[in-house]
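Here the structure comes first, spelled out in structure tokens, and everything after it is commentary.
The values are calculated or read from the model by the stated rules, or taken from the named source; none is laboratory data. Note that this is a predicted model, so its numbers are computed, not measured. Please note: Cβ atoms are built from the backbone with ideal geometry, for glycine as well, and neighbour counts cover all protein chains shown.
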Amino acid sequence: MSPIDYEILHFFEQYRDIQASPKVIGANIDYDRNYTGKRCRNFADHDLLERAGDGLYQLSERGEKFLDGELPASELEPDETDV
């Protein structure tokens, strides 16, 4: 995970029930909205965020489990077969 990933997760940890665009997230964590959008799409591909429509993202159930410590980080790493 890159530094921005931790910032995005921290944002959603603070505001668990929010739906936010990459622009809003980026503005709150001081990262470019395009890069934030790329990382949000990556999180959505790994089921940590859900696409809520109209460019919005929200924390998924799996993302909540990760933030609550119920999902180990090792389960987020791709298998060698995924590479």
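General remarks:
- The number of residues in region 10-57 that are surrounded by fewer than 18 Cβ atoms within 10 Å (Cβ to Cβ) and either polar (S, T, N, Q) or closer than 18 Å to S74 by Cα (or both) comes to 10.
- Any hit, region 58-77, residues being of a type in the set (S, T, N, Q) and modelled with pLDDT under 95: yes
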